[in-house]
Amino acid sequence: MLTGDSEDVASAVADDLGIDQYFAEVLPEEKDTKVEALQSEGKMVAMVGDGVNDAPALARADVGIAIGSGTDVAVEAGDIVLVDNDPLDVVRLVELSKASYRKLQENLLWASGYNVVALPLAAGVLAPIGVVLSPAVGAVLMSLSTIIVAINARRLGNVDLSAGA
């Protein structure tokens, strides 16, 4: 965590959020430099900001998260803009991105597994032993696979994002 707030405030917030490493009392002109230093250590950096002084660090960060009620410069520099002025939306954003990644993995596993089985069947690999998949059945199964992937992706709407609330 990187903040311009005092050491006491930063320490309390870091403890509440379970953050091990934080930097307090960082001057506005030092934020961009600090983000760059963290990246040079091989760390992925997400930066949340709302002011003109945050814009360079927002632009440099791997993920820049701008508070929508902030300055136009910060909003333009951010990759993501939080519409509400609620810092807990950052926690919700992280939860949603984790859930999205899990769905991506599930759908990739399903589609790959399906294709490993269905494509050889459709190509007639088992034809010598009398198992033949007609093109019509293959088309229906392919459509079914697409529907299963879409339904699974749609289940992202059921993710509970209230954990950050």
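The values are calculated or read from the model by the stated rules, or taken from the named source; none is laboratory data. Note that the structure is a prediction, hence the values are computed from the model and not measured. All Cβ positions, glycine included, derive from the backbone under ideal geometry; neighbour counts span all protein chains shown.
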*So which of Leu141, Leu133 ends up being assigned to a loop (DSSP other than H, G, I, E, B), touching a helix residue (DSSP H, G or I) at 6+ places or on another chain (Cβ under 8 Å) and modelled with pLDDT under 90?*
Leu133
*The lone exception for Ser97 - which of (1) of a type in the set (Gly, Ala, Ser); (2) modelled with pLDDT of 90 or more; (3) surrounded by 14 or more Cβ atoms within 10 Å (Cβ to Cβ) it fails*: (3)
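Evaluate the following for Lys103: is it under 26 Å from Val149 (Cα atoms) and at pLDDT 85 or above?
Judged against the criteria, Lys103 is a match.
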*Subset of region 35-45 [hydrophobic (A, V, I, L, M, F, W, C), more than 22 Å from Leu88 (Cβ to Cβ) and assigned to a loop (DSSP other than H, G, I, E, B)]*: none
*Single residue of region 18-41 satisfying the filter (under 27 Å from the mean Cα position of the chain (by Cα) and over 19 Å from Gly64 (Cβ atoms)) that is surrounded by the most Cβ atoms within 10 Å (Cβ to Cβ)*: Ala24
_Conditions (1) within 25 Å of Asn152 (Cα to Cα); (2) modelled with pLDDT of 90 or more; (3) aliphatic (A, V, I, L, M); number of the one not met by Val116_ = (2)
*Do we find that Asn152 is surrounded by 10 or more Cβ atoms within 10 Å (Cβ to Cβ), within 30 Å of Gly51 (Cβ to Cβ) and of a type in the set (S, T, N, Q) in this structure?*
no
*Condition check for Arg102: surrounded by 11 or more Cβ atoms within 10 Å (Cβ to Cβ) and either in the same structural domain as Lys34 (by TED's automatic domain parsing) or in contact (Cβ under 8 Å) with a residue 12 or more places away in the chain (or both)*: no
*Which residues, taken from region 11-34, are at pLDDT 90 or above, among the hydrophobic types (A, V, I, L, M, F, W, C) and under 20 Å from Val91 (Cα atoms)?*
Ala12, Phe23
